[in-house]
1. Here are GLY57, GLY23, GLY99: which of them is on the phi > 0 side of the Ramachandran plot and buried (at least 21 other Cβ atoms within 10 Å of the Cβ)?
2. Considering only residues that are in contact (Cβ under 8 Å) with a residue 60 or more places away in the chain, outside any strand (DSSP E or B) and within 16 Å of the ligand (Cβ to nearest atom), look in region 20-64 and name the one that is nearest to ALA295 (Cα to Cα).
3. Residue by residue through region 190-205, note down the ones that are surrounded by 21 or more Cβ atoms within 10 Å (Cβ to Cβ) and assigned to a loop (DSSP other than H, G, I, E, B).
4. Residue check, PRO309 against (1) surrounded by fewer than 21 Cβ atoms within 10 Å (Cβ to Cβ); (2) under 26 Å from VAL159 (Cβ atoms), all met but one. Which one?
5. Just give me the residues in region 233-267 being within 16 Å of the ligand (Cβ to nearest atom), in contact with a Lys or Arg (Cβ under 8 Å, 6 or more places away or on another chain) and either within 18 Å of LEU172 (Cα to Cα) or of a type in the set (Ser, Thr, Tyr) (or both), in sequence order.
6. Given the options VAL217, VAL230, VAL280, name the one that is within 16 Å of the ligand (Cβ to nearest atom) and part of a strand (DSSP E or B).
7. Being within 16 Å of the ligand (Cβ to nearest atom), assigned to a loop (DSSP other than H, G, I, E, B) and more than 19 Å from GLN281 (Cα to Cα) narrows it down to one residue among PRO141, PRO118, PRO149; which is it?
8. Of a type in the set (Val, Ile, Thr), within 16 Å of the ligand (Cβ to nearest atom) and touching a His at 6+ places or on another chain (Cβ under 8 Å): does that describe VAL72?
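The values are calculated or read from the model by the stated rules, or taken from the named source; none is laboratory data. Note that the coordinates shown come from a computational prediction; the quantities given were computed from them, not determined experimentally. All Cβ positions, glycine included, derive from the backbone under ideal geometry; neighbour counts span all protein chains shown.
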Amino acid sequence: MTNGVDASPSLRCPALHFTPPQGWMNDPNGLVYFAGEYHLCYQYYPDDRVWGPMHWGHAVSSDLVHWQHRPVALAPDAQGMCFSGSAIVDWHDNSGLFGGEPGLLAFYTVHRETAGNPDDYVQEQCLAYSRDSGRSWQKYPGNPILPNPGLRDFRDPKVVWHAPSRRWVMALACGQVIRFYLSDDLLDWRLASEFGDGQGAHTEGPWECPDLFELPVEGAAEGEPATRWVLVVGVGAGEQDDFGSFTQYFVGHFDGERFHNENPADGVLMMDEGRDFYAVQTWSDVPDSDGRRLAIAWLNNWLYANRIPEAGWRGTMSFPRELSLEETGEGIRLRQAFAAELGAAGRLSPWLMANSADALTVGNNVLIEQGPSAGHGWLSLQMAPGTILELDLQQAGHMLLRITHDGSTLQLEHWREGRNGDPDFDRRFPHHLTRQLMAGTEIELEWLVDRGSLELLVDGGRYASTHLGVTDPCLQPVVVRLVAGSARLTDGRYHGVIDPLE
Ligand code: FRU
């Protein structure tokens, strides 16, 4: 990684997760692929390690693993701070800003406090463009392109191309609904519809950071449409809330003007079962030849984001994930995989090597002991009812994950410790979460452990569970062990990453 910070030994940079060069980071913004580079902008306050006047920080990568920091793309001015948004390639110069050539457009929200009171503000949608592949950005002189119609929370524009209607669509978070605006030239926008009233999860907080994309459905039944649209929505944390901010998604149809949820309105689909996967956004313009829908999230939760331990920088992105849709018994659902650039988890579990495919029993129970650097592991096992498996992660602070199979459901429990003396943090950060998941007896588990975080994919990515930890200065290995019952391990692999800072 290119994090050139002089961090304290207990809080060195993660090896596989993006962090800012200094200061504060929250949401990913302006994700676009162009001319061989993935662009990753982010909510950034370079001058302090807590949230402040928002800039767009910027980094580029050709492989989603190694990132180069670039100068700040957008900085606050008299119109306001630069809040979250998206970017696209304007391939056919629909905006007329690129002299007939392709160029990059970034859509962002300006946030302007009025009367110097943080609770009193105006939010409007603005445009910036780059004629040099994202090396420099200019703010459009006609800003705002979408003035505020009288709504308090009016932000986080996600712009996508809708091919059948040959129009641009902007999904915008407005209070606790998503509004869809349409445009031919990317400059003039008209309201088409809104979605969200009575749908999915609502808390005291606003809806934020929408994303909208179409994906093929794996295993679609005969006669059923071969694709669906997914609407991703961040659900803001209410102050009284224990869980904090999280990401939900809806699956359905988008006809170019309106989104129709095909699941029951009161159902809630969680993109991640953990507490630290927020403001999810996907990359625009990944070439069709690649065909991937790649997502990244801010590994944090607004309940404690400003108080997590810091070392000159504060804020971490998830590892990029590839999204797909599949038909399950309960409806069409998202499936997630770590982007293939992570590499295969290569080394076979020593247990498997020593015991071939014998049944595992308690007492002979360490399946994998991954070395004390960042790493990635995967195992597949057949669990008998009553089997309990634990993943022990000293590395990311003390975290313990327990999986109990009762024959038809899988119980996922997650314990997290971690205190730093701040009473608010100490009250809100530690947790014991329990989730009941549907699953067969053949379980696949995949994890990515890095300094300060765990990303877990269960059942081949049908469920994800992502958590921040408080890094232990004395790194310990990751241990996967059987604590009750019996199981047959059919595959188990891991891959330790040599940390460049080690
Ligand atoms: C989500 C969010 C966005 C907003 C940004 C401000 O985490 O609250 O809605 O644009 O952060 O930094």
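1. Only one candidate passes the filter, namely GLY23.
2. Result: PRO20.
3. GLY196, GLN199, GLY200, listed by residue number.
4. (2)
5. Residue satisfying the conditions is PHE246 alone.
6. After ruling out the rest, the residue left standing is VAL280.
7. The match here is PRO118.
8. For VAL72, the condition - of a type in the set (Val, Ile, Thr), within 16 Å of the ligand (Cβ to nearest atom) and touching a His at 6+ places or on another chain (Cβ under 8 Å) - is met.
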